[in-house]
Structures are given as C-alpha cells and as structure tokens.
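Colleague: If you scroll down you'll find the structure; I have some questions about it.
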Amino acid sequence: MAFNNYKKTIAAGASSASDILVREATTTDVIIGLNIANTSSSATATVKVEVDTTSLLENAKIPVGGAIEVIQGKVVIKDNDKINVTPTGAGVDVVMSVLESA
C-alpha cells in the first residue's frame with residue numbers, strides 16, 4: 001500500500017472527459033481525502049463531484065478564496081472508476097489523497 005496525492009487544476013466550464021478527470025482507478029483503492037479550492041479572485045465556483053455516474057456532491061458553492069472538503073472519511077474505488085470534478089462559474093484546484101493497493 002502506498003499513499004499518493006493527485007492534484008489537478010480545472011477551468012470553469014470544463015466539460016470534456018479528460019479535462020474534468022482527476023483520476024481513474026487501476027486497482028481497488030481508497031480515497032481518504034478530496035479537497036476543492038476556488039482559484040478565482042472574483043467569482044463563486046459551483047462544483048459537481050462524481051465517481052463514474054454516482055454523485056458525491058451536486059451544486060456546491062465555493063466562495064472566492066474558499067475551499068470545501070468533499071470526502072472526510074473513506075470511499076473505495078474499483079478498477080476503472082473515474083473521479084470527475086466539474087466546476088462552473090470559476091476554476092478550481094483539486095487535491096485527492098489516495099491509499100493505493102500495491
């Protein structure tokens with residue numbers, strides 16, 4: 001087992017699969033943290049977070065200079081599960097902490 005952080009900057013209005021993909025699982029892993037920060041200096045970010053087609057968060061508003069912790073516990077992701085973050089209104093920075101299978 002190994003701990004890894006995945007970081008991604010996502011622009012407001014990003015919609016293509018590669019632009020909103022934070023990570024695709026290649027084994028069974030455990031997400032132990034997912035934080036999203038608004039990077040805009042003038043606009044509120046509204047975000048949606050999904051694991052494949054299952055919504056973890058819908059229409060969450062993050063004010064200018066703010067952040068949100070989406071996952072505080074543990075979420076198991078399996079091979080080929082995709083973690084997507086879709087922001088509107090402002091761009092965001094995403095940091096996801098994962099305990100990966102060896």
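Colleague: So which of Val85, Val49 is modelled with pLDDT of 95 or more, of a type in the set (A, V, I, L, M), under 17 Å from Ile31 (Cα atoms) and touching a helix residue (DSSP H, G or I) at 6+ places or on another chain (Cβ under 7 Å)?
Modeller: Val85
Colleague: Which ranges mark the strands (runs of 3 or more DSSP E) fully within segment 1-44 that have 1 or more residues being surrounded by fewer than 14 Cβ atoms within 10 Å (Cβ to Cβ), hydroxyl-bearing (Ser, Thr, Tyr) and touching a residue at least 24 places away in the same chain (Cβ under 8 Å)?
Modeller: 2-10
Colleague: Here is a further query. Quick one: would you say Val70 is surrounded by 18 or more Cβ atoms within 10 Å (Cβ to Cβ), out of contact with any Leu (no Cβ under 6 Å at 6 or more places or on another chain) and either touching a residue at least 12 places away in the same chain (Cβ under 8 Å) or not aromatic (Phe, Trp, Tyr) (or both)?
Modeller: no
Colleague: Determine the pairs where a residue that is of a type in the set (Gly, Ala, Ser), located within segment 91-102, has a partner that is outside any strand (DSSP E or B) with Cβ atoms under 8 Å apart, the partner being 6 or more residues away or on another chain.
Modeller: Short answer, once both residue conditions are applied: Gly91/Ala11; Gly91/Ala12; Gly91/Thr39; Gly91/Ser40; Ser101/Met1; Ser101/Thr27; Ser101/Thr28; Ala102/Met1.
Colleague: Out of all the residues in segment 77-85, is one or more surrounded by fewer than 16 Cβ atoms within 10 Å (Cβ to Cβ) and either in a strand (DSSP E or B) or among the aliphatic types (A, V, I, L, M) (or both)?
Modeller: Checked against the condition, which is being surrounded by fewer than 16 Cβ atoms within 10 Å (Cβ to Cβ) and either in a strand (DSSP E or B) or among the aliphatic types (A, V, I, L, M) (or both), segment 77-85 yields no hits at all.
Colleague: Determine whether Ser55 is assigned to a loop (DSSP other than H, G, I, E, B), surrounded by fewer than 14 Cβ atoms within 10 Å (Cβ to Cβ) and not aromatic (Phe, Trp, Tyr).
Modeller: no
Colleague: Of everything in segment 58-76, what is assigned to a strand (DSSP E or B) and either within 19 Å of Val30 (Cβ to Cβ) or hydroxyl-bearing (Ser, Thr, Tyr) (or both)? Give them in sequence order.
Modeller: Scanning segment 58-76 gives Glu69, Val70, Ile71, Val75, Val76.
The values are calculated or read from the model by the stated rules, or taken from the named source; none is laboratory data. Everything numeric here is computed off the predicted structure, so don't read it as measured data. FYI the Cβ positions are ideal-geometry reconstructions off the backbone, even for glycines, and counts take in every protein chain you see.
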